[in-house]
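What follows is one structure encoded as structure tokens, with my remarks underneath.
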Amino acid sequence: MKATEYIARTEEAVFHTYNRFPVVFESSDGVYLKDTDGKEYLDFGAGIAVFALGYGNEYYKNALKNQIDKLIHTSNLYYSIPLMEAAEKLRDKSGMDKVFFTNSGTEAIEGAIKAARKYSLLKYGPERYEIISMEHSFHGRSTGALAVTGNAHYRDPFGPLMDGIRFANYNDIESVKALVSDKTCAIILETVQGEGGIYPADPAFLAGIKEICDRNDILLILDEIQCGMGRCGSYFVWQKYGTAPDIMTTAKALGCGVPVGAFVLNKKVAGASMVPGDHGTTYGGNPLACAAVSAVFDQFEELHLIDHVREVTPYFEEKLDALTQKYDFLKERRGMGFMQGIEVKEGTSAGTIAAKALEAGLVILTAGSNVLRFVPPLVIEKTDIDEMIKRLETVLDTL
Ligand SMILES: *Cc1c(COP(=O)(O)O)cnc(C)c1O
């Protein structure tokens, strides 16, 4: 069948909430995707920062195949070995205390909000429920996560959303202080803002927030759904900063393509918030998803992926910097590790560049309307970066 026919039939059946690129991906190998016409694409999007291991990892694939043969699902009414193993690994690598597995990032945010509110309710009563979030943040599409997402365009059609959310400006500690009151229960932020345009937190900003939280027993929720899992050169970005959250959310690369997320609690919150009956999910943490999580952690260790990210990052940044210098419609590069963005100048469309790159056999993403986003699999080598730059230059040369 031709791609146009797959696309037409898909559009007939699937609710139109995405403007998809006219490409039907069918198979994958290493850091390349192949479409139904046999055309190959170098993948610097990784399914939106998901496929950290690249597509050819045999250990990961075998772990899933074995688990499928053994047991795919049981529900959370019972114990399973993969649940134990995955939870231990995530707990130990995060250095936190307790793990709750979800099926997505947005559900991890929902759980984090519920845990924070319950903690505050038990300790301070029902009046202390406000959550401070950041403008230009992104935390997901379910209504609770949407309520804390700092993008009115995403929020407004679905109101009234959850009450008690205030928005401060990212990297502006005074704007946070101005919102703190005896009603504040939690502060939520991405350690590196993703969809909002690839903005790493200033160390002083994060330290300032931590201080506010510690002083007032306000819970710090760090959303590491995109920036975590090794992408920025440590398992979780806050580990680099030395600023531990009370609750952390993770997803995207956690299962490397098998849908899974988690919220992870420190001792304080785990010991005094939700109890049996307060929270649940039918699928969350099922054996198949947890086998994926477990295999991902095993491969991170086996392949020394985090060291690899640290080693290759300077080269990656140097090449992106050179690109930014070369074309006068590119404004600046920002980012951390393998989570990089290039802001384009006004009058230039990042979306157009990404669309043309796709035609030229390169998958890159955008963040907002004016940032090119590069979130490749963590296994890329310098040669893949060279090839990416080459393909991107063929596009930029035509602008
Ligand atoms: C992608 C993302 C989410 C939402 O995750 P889903 O799995 O799409 O629900 C939340 N927060 C951040 C920072 C993200 O990048």
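Within the set of pairs 6 or more residues apart or between chains, which connect a residue that is free of Cβ contacts under 8 Å to residues at least 24 places away in the same chain and buried (at least 24 other Cβ atoms within 10 Å of the Cβ) inside region 220-239 to a residue that is among the aromatic types (Phe, Trp, Tyr) and in a strand (DSSP E or B) with Cβ atoms less than 9 Å apart? Cβ pairs passing all conditions: none. A single member of 94, 75 is assigned by TED's automatic domain parsing to the domain that holds residue 243 and within 28 Å of residue 367 (Cβ to Cβ), and it is 94.
Can residue 156 be described as without any contact (Cβ under 8 Å) to a residue 60 or more places away in the chain, open to solvent by 10 Å² or more (accessible area, probe 1.4 Å) and part of a helix (DSSP H, G or I)?
Working: without any contact (Cβ under 8 Å) to a residue 60 or more places away in the chain: yes; open to solvent by 10 Å² or more (accessible area, probe 1.4 Å): yes; part of a helix (DSSP H, G or I): yes.
In short, yes.
Is at least one residue of region 101-112 more than 13 Å from the ligand (Cβ to nearest atom), crowded, with 20+ Cβ neighbours inside 10 Å and either over 21 Å from residue 256 (Cβ atoms) or at pLDDT below 95 (or both)? No. Quick one: is residue 90 aliphatic (A, V, I, L, M) and crowded, with 20+ Cβ neighbours inside 10 Å? Yes; evaluated as a whole, the condition is true for this residue. Among the conditions (1) open to solvent by 30 Å² or more (accessible area, probe 1.4 Å); (2) within 16 Å of the ligand (Cβ to nearest atom), the only one that residue 74 does not satisfy is (2).
Condition first: assigned to a helix (DSSP H, G or I) and more than 12 Å from the ligand (Cβ to nearest atom). Can you find one or more residues in region 194-204 that meet it? Outline the logic, then answer.
Within region 194-204, the subset assigned to a helix (DSSP H, G or I) is 203-204.
Subsequent filtering for residues that are more than 12 Å from the ligand (Cβ to nearest atom) retains 203-204.
Looking through region 194-204, at least one residue is assigned to a helix (DSSP H, G or I) and more than 12 Å from the ligand (Cβ to nearest atom).
Scanning region 316-341 for residues that are under 27 Å from residue 241 (Cα atoms) and open to solvent by less than 10 Å² (accessible area, probe 1.4 Å) yields 316, 320, 337, 338, 339, 340, 341.
Where residues in region 121-153 are loosely packed, with under 14 Cβ neighbours inside 10 Å and small (Gly, Ala, Ser), which of them is nearest to the ligand (Cβ to nearest atom)? Can you show your working first?
Of all residues in region 121-153, those loosely packed, with under 14 Cβ neighbours inside 10 Å come to 122-123, 125-127, 152-153.
Keeping just the survivors that are small (Gly, Ala, Ser) gives 125, 152.
Values: 125: 30, 152: 17 Å.
Among those residues, the one meeting the criterion is 152.
I'd like the residue in region 165-178 that is crowded, with 16+ Cβ neighbours inside 10 Å and in a loop (DSSP other than H, G, I, E, B) and, out of all such residues, is farthest from the ligand (Cβ to nearest atom). Of everything passing the filter in region 165-178, 171 is farthest from the ligand (Cβ to nearest atom).
Given region 1-75, what helices (runs of 4 or more DSSP H) lie entirely inside it while holding 3 or more residues that are of a type in the set (A, V, I, L, M) and touching a residue at least 24 places away in the same chain (Cβ under 8 Å)? Give the steps one after another, and end with the answer.
Details: elements: 3-13, 46-49, 58-70.
It comes to 46-49, 58-70.
The residues of region 144-169 that are over 17 Å from residue 184 (Cα atoms) and over 18 Å from the mean Cα position of the chain (by Cα), listed by number, are 152, 153, 155, 156, 157, 158, 159, 160, 161. Note on region 179-193: residues that are more than 13 Å from the chain's Cα centre (by Cα) and within 12 Å of the ligand (Cβ to nearest atom) total 1. Sub-8 Å Cβ pairs linking a first residue in region 368-384 that is under 13 Å from residue 30 (Cα atoms) to a second residue that is open to solvent by 60 Å² or more (accessible area, probe 1.4 Å) and not in a helix (DSSP H, G or I), at least 6 apart or interchain, are 379/303, ordered by first then second residue.
The values are calculated or read from the model by the stated rules, or taken from the named source; none is laboratory data. Owing to the predicted nature of the structure, the values given are computational and were not obtained by experimental measurement. Please note: Cβ atoms are built from the backbone with ideal geometry, for glycine as well, and neighbour counts cover all protein chains shown. Ligands, DNA and RNA are excluded from the accessible area calculation, which covers all protein heavy atoms including side chains. Shrake-Rupley method; radii C 1.70, N 1.55, O 1.52, S 1.80 Å.
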